[in-house]
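The values are calculated or read from the model by the stated rules, or taken from the named source; none is laboratory data. What you are looking at is a predicted structure, and each value in this text was computed from that prediction instead of being measured. Neighbour counts are summed over all protein chains in view; Cβ atoms, including those assigned to glycine, are modelled from backbone coordinates with ideal geometry. For accessibility, only protein heavy atoms count, side chains too; no ligands or nucleic acids. Shrake-Rupley method; radii C 1.70, N 1.55, O 1.52, S 1.80 Å.
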Amino acid sequence: MKRILVTGGAGFIGSHLVKFLVRKYPEYRIINLDKLTYAGNLSNLKEVENAPNYQFIRRDITNLQELRKVFEEIKITDVIHLAAESHVDRSIEDPTSFVLTNVLGTTNLLICAREFWKNNFQEHIFYHVSTDEVYGSLGAEGLFKEETAYDPRSPYSASKASSDHLVRAFHHTYGLNTVLSNCSNNYGPNQFPEKLIPLVINNILVNRSLPVYGEGLNVRDWLWVEDHIKAIDLIFHKGRSGETYNIGGNAEMRNIDLVHLICDLMDKKLNRDPLSSRKLITYVKDRLGHDLRYAIDFSKLQNELFWSPSVSIEEGMQLTIDWYLDHNDWLRDVTSGEYMKYYQKHYSN
């Protein structure tokens, strides 16, 4: 039996992955390890929390001894590592916490994998989920390829770049069986509303200003979260050892155009006057070191594992907005902090 440790499984992408794996692979045991910081929400996993092949453990990946106990007691066979501090603005304010979680935490997991799988590395997989931000910033043209030189510009992306290098180092130095993926900006249900898309949706609902950095000309490639999960599933099961795969959504948009799209869709769904939500847009001082453009070349993943994004940005945004409108209670609990009580209610004993 595979006993897969999913780190950060209560977060946005992690919770989607855990639910997918629990449902698709009843013969696997899925262990969700999460520290439950502000972005970790166990209510995201209500549908599977009583599944016989699911287990939640509250741990901090910066604690090596606690991780060793988990590997020893559960006999972990594989790791899919998503746990990370991921918000660029927070990294600018507090870079140390990003280094601790993203660099030290990843190192601790790699140490445990090396120690407990040393008799046969090839029977085990260490899958590290990373970001396109490690590549730096593009001009008006070009795409990030797996061979693109790293050029991180924020404490967040620098910490993720460091973790990527460590994963590759453990593969080349010790022979650990690793795969790595770098993805573009994810969006979809259950995303914590300090990220751009849920922030705009929530602020429109409560008639609050919509902050847009600079002139909103920064370009991002947007990836539907369920498409990302399907890519992770393929890479975990069929990716080549030691390889890196880029995952993109083929959906480049300027930030201001994305905000306009959300505003117009929200006006229709809320039966508001056309362009009324656009009046809430407020341009704010640009983020320090704000990268101009990210764009992913995912042809390697497409050619080797036959993956491509299935949801357009317009369709995905419709689905995302519908989910938030249908789950006002989730949004209310998250923005008020009430979701933090879920662990105490369901897991404290």
Just give me the residues in segment 136-159 being under 22 Å from Glu243 (Cβ atoms) and open to solvent by less than 10 Å² (accessible area, probe 1.4 Å), in sequence order.
Gly136, Phe144, Ser157
Residues that are outside any helix (DSSP H, G or I), of a type in the set (A, V, I, L, M) and within 20 Å of the chain's Cα centre (by Cα): does segment 291-299 have at least one?
yes
Filter segment 313-333 for residues that are among the acidic types (Asp, Glu) and more than 17 Å from Glu252 (Cα to Cα); the one that is surrounded by the most Cβ atoms within 10 Å (Cβ to Cβ) is Asp333
Does segment 6-15 hold any residues that are open to solvent by 10 Å² or more (accessible area, probe 1.4 Å) and within 16 Å of Asp233 (Cβ to Cβ), and which are they?
Ile13
Out of (1) under 27 Å from Arg287 (Cβ atoms); (2) surrounded by fewer than 18 Cβ atoms within 10 Å (Cβ to Cβ); (3) in contact (Cβ under 8 Å) with a residue 12 or more places away in the chain, what's the single condition that is false for His172?
(1)
From Lys160, Lys118, which residue is basic (Lys, Arg) and under 19 Å from the mean Cα position of the chain (by Cα)?
Lys160
Given the criteria among the small types (Gly, Ala, Ser), touching a residue at least 60 places away in the same chain (Cβ under 8 Å) and open to solvent by less than 30 Å² (accessible area, probe 1.4 Å), does Ala231 qualify?
yes
Given the conditions (1) at pLDDT 95 or above; (2) open to solvent by 80 Å² or more (accessible area, probe 1.4 Å); (3) not in a helix (DSSP H, G or I), and given that Asn303 satisfies all but one, which numbered condition is not satisfied?
(3)
Matching residues, segment 123-135, being crowded, with 17+ Cβ neighbours inside 10 Å and over 23 Å from His87 (Cα atoms):
His124, Ile125, Phe126
Could you please find all residues in segment 257-273 being in contact with a helix residue (DSSP H, G or I) (Cβ under 9 Å, 6 or more places away or on another chain) and within 25 Å of Val219 (Cα to Cα)?
Leu258, Val259, His260, Leu261, Ile262, Cys263, Asp264, Leu265, Met266, Asp267
For segment 136-154, check the following and say yes or no: at least one residue is farther than 26 Å from Ser312 by Cα, in contact with a helix residue (DSSP H, G or I) (Cβ under 6 Å, 6 or more places away or on another chain), modelled with pLDDT under 95 and not acidic (Asp, Glu).
yes
Take the residues of segment 243-259 that are open to solvent by 30 Å² or more (accessible area, probe 1.4 Å) and of a type outside the set (Asp, Glu): which is nearest to Tyr25 (Cα to Cα)?
Asn250
Restricting attention to segment 261-279, the residues that are surrounded by fewer than 18 Cβ atoms within 10 Å (Cβ to Cβ), touching a Ser or Thr at 6+ places or on another chain (Cβ under 9 Å) and either outside any loop (DSSP other than H, G, I, E, B) or among the acidic types (Asp, Glu) (or both) number exactly 2
Could you please find all residues in segment 261-300 being basic (Lys, Arg) and within 30 Å of Glu146 (Cβ to Cβ)?
Arg287, Arg293, Lys300
Only one residue in Gly214, Gly239 is among the small types (Gly, Ala, Ser) and either within 19 Å of the chain's Cα centre (by Cα) or crowded, with 18+ Cβ neighbours inside 10 Å (or both), so which one is that?
Gly239
